[in-house]
1. Charges only on Cβ, +1 for Lys and Arg, -1 for Asp and Glu: so what's the dipole of the range A:1-76 about the Cα centre, in debye to the nearest 20?
2. Mind checking which of B:Ala63, B:Ala78, B:Ala48 has the largest fluctuation in a GNM of chain B, springs on alpha carbons under 10 Å?
3. Take A:Met15, A:Met46, B:Met21 and order them by how many other Cβ atoms sit within 10 Å, fewest up front.
4. Per 5 Å bin, what percent of the C-alpha pairs of the range B:23-114 does each bin hold, from zero upward?
5. Of the residues A:Ala92, A:Ala31, A:Ala39, which exhibits the maximal mean-square fluctuation in a Gaussian network model of chain A defined by a 10 Å Cα contact cut-off?
6. With N residues in the protein assembly as shown, what two-decimal value do you get for its Cα radius of gyration over 2.2 N^0.38 Å?
7. Which residue, B:Ser82, B:Ser20, B:Ser72, tops the fluctuation ranking in a GNM of chain B built on C-alpha contacts under 10 Å?
8. Relative contact order, percent, of the range A:37-95 when contacts are C-alpha pairs under 8 Å separated by at least 6 residues?
Amino acid sequence: ETGVTQTPRHLVMGMTNKKSLKCEQHLGHNAMYWYKQSAKKPLELMFVYNFKEQTENNSVPSRFSPECPNSSHLFLHLHTLQPEDSALYLCASSLGENQPQHFGDGTRLSIL
Amino acid sequence: GQQLNQSPQSMFIQEGEDVSMNCTSSSIFNTWLWYKQDPGEGPVLLIALYKAGELTSNGRLTAQFGITRKDSFLNISASIPSDVGIYFCAGQLISSGSARQLTFGSGTQLTVLP
């Protein structure tokens, strides 16, 4: 059983909708990450938070807005998404930014 | 940016056979990680390597950190059906207490035939 929990597991939304993805880690880690996983492509890092502070924004479009209220929770707020944003969105956490990352099972997002 | 070439992209093997896959990088890393991802799940960490030349085992899995620090391989011995999945390598460069982002390979899709 994963120590990183993501909800929802599946999400279908229209291009004009607003939704949020949630990630919670029960591992006592201090760093949390959002990745995008598309078919046949390497995992793409989107955002990194360390002790609730954003330390990396990998040139992600503003229609993706992260929020990290504490070291255990990470959100990804979505609005006005495009069809090419359909993908598996993975959350990960690590004790520190130089420690191995542990992943959740992802949210499968489909944009209609 | 940094790139990882992971090969092969896919493998079909008979149950009981050994498997080998590898990753090469255009630049050096001081950490190599190997993950496995099953359908509908997130990647699970298999082995972490922190030192050039390091050889580490986890059950039937063995991984090595290349001495050039630009490559790593993963071996699976005596494959079984539950080894099916996508295997990812990932490299990270850590210096002066700060860590650059993890760079992932494109994955090796492993199919084990009965």
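What follows is calculated from the coordinates using simple rules that are stated; it is not laboratory data. Every value quoted in this text rests on a predicted model; they were computed, and no experiment measured them. Cβ sites come from the backbone with ideal geometry, for glycine too, and all protein chains shown count toward neighbours.
1. That gives a dipole near 380 debye.
2. So, out of B:Ala63, B:Ala78, B:Ala48, the one fluctuating most is B:Ala78.
3. Values: A:Met15 13, A:Met46 20, B:Met21 23.
Least to most surrounded, the residues fall as A:Met15, A:Met46, B:Met21.
4. Result returned by the calculation: 3, 14, 24, 24, 18, 10, 5, 2, 0, 0.
5. Among A:Ala92, A:Ala31, A:Ala39, the largest mean-square fluctuation in the Gaussian network model of chain A belongs to A:Ala39.
6. This ratio for the protein assembly as shown stands at 1.02.
7. Top of the fluctuation ranking is B:Ser82.
8. 29
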